[in-house]
């Protein structure tokens with residue numbers, strides 16, 4: 001069996017996942033944290049597990065929760081009292097809270113947000129171009145820190161209603177969370193606690209200033225407060241936890257989608273040429289190709305390697321494996337989305353792929369609520385990058401790139417590139 005969770009695996013986990021799919025599709029292993037969990041790697045089993053009602057999202061269902069306290073879930077959330085969010089609860093509480101926030105991600109609301117996302121993308125590209133040496137035909141940039149990271153951070157801050165003067169603080173806290181295992185000792189926990197205190201204060205301020213009637217473009221935190229004050233029974237802690245998880249889940253997935261997707265395109269020149277041609281033409285068929293491209297990039301090397309934790313509420317059989325009550329289960333989306341039983345030529349990047357029911361944003365009642373916004377940000381980011389920096393190239397060999405630590409997400413630490421600005 002190939003080794004799991006070493007640095008080579010982090011750079012390219014797909015050969016190991018292929019072995020697991022064939023030989024041990026539901027495999028019990030010891031994670032780097034010391035927690036024992038089941039890895040589900042086949043598409044059929046993964047889809048079933050994501051919709052399985054006997055797999056709870058509540059960490060309290062973990063049979064060894066006292067021994068493994070703090071080792072499951074998002075780093076720092078337990079110490080900051082931010083556990084009561086959508087990724088950690090089951091119905092009926094999950095149903096209630098999801099209904100409250102779904103208003104922020106309707107197709108109409110997301111479409112109305114598109115000009116702001118485009119403006120952010122252009123501002124970030126402008127800043128990259130402004131740093132280029134005068135007269136130099138080629139510039140250099142780190143697309144993670146200068147583009148992929150700030151774009152979704154500022155977008156989700158706008159959506160939540162974080163004042164502009166506070167958004168750089170959010171960027172600093174989110175940056176610490178993004179570093180995970182590479183952060184200074186205790187740094188992630190401190191950043192999460194600072195964010196928790198800020199959100200509590202922001203909720204309090206917004207409640208005091210809330211107008212009697214909502215505006216058409218009311219921010220999400222104000223909407224949560226209004227719902228809470230009108231009988232939905234949303235506690236202040238639930239509101240803070242909800243804002244926190246929307247920020248956390250709403251930025252890192254998009255950072256990775258932009259970073260992983262750009263890297264994949266730069267390593268596949270024919271596919272990059274397809275996308276670049278569509279961006280330059282900009283017709284209806286080209287818009288459709290861009291949308292398919294984002295779906296294929298989500299499947300090929302998506303931002304979420306494993307779905308967030310699940311715990312068996314009773315003994316069950318999954319993919320032929322007997323799972324005991326309380327056992328943690330991790331659905332490996334990255335493995336399922338390269339399953340040859342489901343996708344033709346799964347290891348090939350094909351932006352024209354039409355049969356593409358990937359699991360990149362999950363499945364079932366926990367399907368990612370912010371997927372429409374993430375897709376919008378992905379399309380806008382890629383189109384803006386390859387339109388305004390048409391000669392974008394990697395500035396370092398691919399095998400020298402390093403991936404961030406962490407179990408759930410898959411993303412690059414940095415993405416150094418060179419570019420030539422569009423002369424127009």
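Would you look at the GNM of the chain, springs on alpha carbons closer than 10 Å, and say which of 175, 34, 161 moves the most?
Fluctuation is largest for 34.
Only Cα pairs within less than 10 Å get springs; with that Gaussian network setup on the chain, which residue of 284, 303, 398 has the largest fluctuation?
With Cα springs under 10 Å in the chain, the top fluctuation among 284, 303, 398 is at 284.
For a footprinting-style exposure proxy, rank 128, 153 by other Cβ within 10 Å, fewest first.
Sorted ascending by nearby Cβ count, the order is 128, 153.
Per DSSP H run of n ≥ 4, the term is -39500 (n - 2.57); total these for the chain, divide by its residue number, and report the mean residue ellipticity at 222 nm rounded to 500 deg cm²/dmol.
-15000 deg cm²/dmol
In nm, to one decimal, how far is the modelled label at residue 356 from the one at residue 112, with both set 7 Å along Cα→Cβ?
Once both label points are built, they end up 2.9 nm from each other.
May I have the extent of the alpha carbons of the chain along their three principal axes, as whole Å values ordered from largest to smallest?
Principal extents (Cα only, largest first): 63, 60, 43 Å.
For region 194-306, just list the percent of Cα-Cα distances falling in each 5 Å bin from zero outward, please.
Going from the shortest bin to the longest, the percentages are 2, 10, 16, 14, 11, 9, 10, 11, 11, 6, 2, 0.
Taking the chain as a Gaussian network, Cα atoms linked when under 10 Å apart, which of 167, 53, 285 shows the biggest mean-square fluctuation?
It is 285.
Using the count of nearby Cβ atoms within 10 Å as a rough guide to exposure, how do 147, 9 rank from fewest to most?
Taking fewest neighbouring Cβ atoms as first place, the list is 9, 147.
For region 326-424, just say rounded, prolate or oblate: build the C-alpha gyration tensor, square-root its eigenvalues into a ≥ b ≥ c, call rounded for a/c under 1.5, and beyond that prolate if a/b exceeds b/c, oblate if not.
It is prolate, given that a/c is not under 1.5 and a/b is the larger ratio.
Could you tell me the relative contact order of the chain? Use alpha-carbon pairs under 8 Å, at least six residues apart, and round to a whole percent. Numbers along the way, then the final one.
Numbers: 658 pairs, mean separation 111.1, N = 424.
Value for the chain: 26 percent.
In 5 Å bins starting at zero, report the fraction of Cα pairs in region 361-408 per bin as a rounded %.
Cα pair-distance distribution for region 361-408, in percent: 5, 14, 12, 14, 22, 17, 11, 4, 1.
Where does each of 406-418, 262-274 land if you order them by average Cβ count within 10 Å, highest first?
Peptide ranking by packing, descending: 406-418, 262-274.
Between residue 145 and residue 22, how high is the FRET efficiency from 1/(1 + (r/R0)^6) when r is the Cβ-Cβ distance and R₀ = 45 Å? Nearest 0.05.
Values: r = 38 Å, r/R0 = 0.85.
Working from the Cβ atoms, E equals 0.75.
In what sequence do 29, 352 fall when counting other Cβ within 10 Å, fewest first?
352, 29
Give the separation of the Cα centroids, region 111-159 to region 305-369, in Å.
Spelled out, the Cα-based centre of one part sits 32 Å from the other.
Measure off 7 Å from each Cα along the Cα-to-Cβ vector at residue 341 and residue 133, then give the distance between these two points in nanometres to one decimal.
Using points 7 Å along Cα→Cβ, the separation is 5.6 nm.
Between residue 201 and residue 393, what's the calculated FRET efficiency when r is the beta-carbon distance and R0 is 51 Å? Round to 0.05. Spell out each step's value before the answer.
Details: r = 45 Å, r/R0 = 0.88.
So, using R0 = 51 Å, E works out to roughly 0.70.
Gain in length, residue 102 to residue 420, computed as 0.36 nm per residue apart minus the alpha-carbon separation, to one decimal in nm?
110.4 nm
How far, in nm, would the chain grow between residue 10 and residue 371 when pulled straight, counting 0.36 nm per residue and subtracting the alpha carbon separation?
Between residue 10 and residue 371, full extension yields 127.5 nm more.
What distance in nm separates the two pseudo spin-label positions at residue 288 and residue 413, each 7 Å out from Cα along the beta-carbon direction?
4.3 nm
Which FRET efficiency, nearest 0.05, do residue 209 and residue 30 yield, Cβ-Cβ r, R0 60 Å?
Approximately 0.75, to the nearest 0.05.
Rank-order 98-104, 289-295 by packing density, defined as the average count of other C-beta atoms within 10 Å over each peptide's residues, highest first. Write out the running numbers ahead of the final one.
Numbers: 98-104: 16.4, 289-295: 20.0.
Order by mean packing, descending: 289-295, 98-104.
Rule-based calculations on the coordinates, nothing more; no lab input. None of the values given here were measured: they were computed from a predicted structure. Note that we place each Cβ from the backbone using ideal geometry, even for glycine, and neighbour counts take in every protein chain shown.
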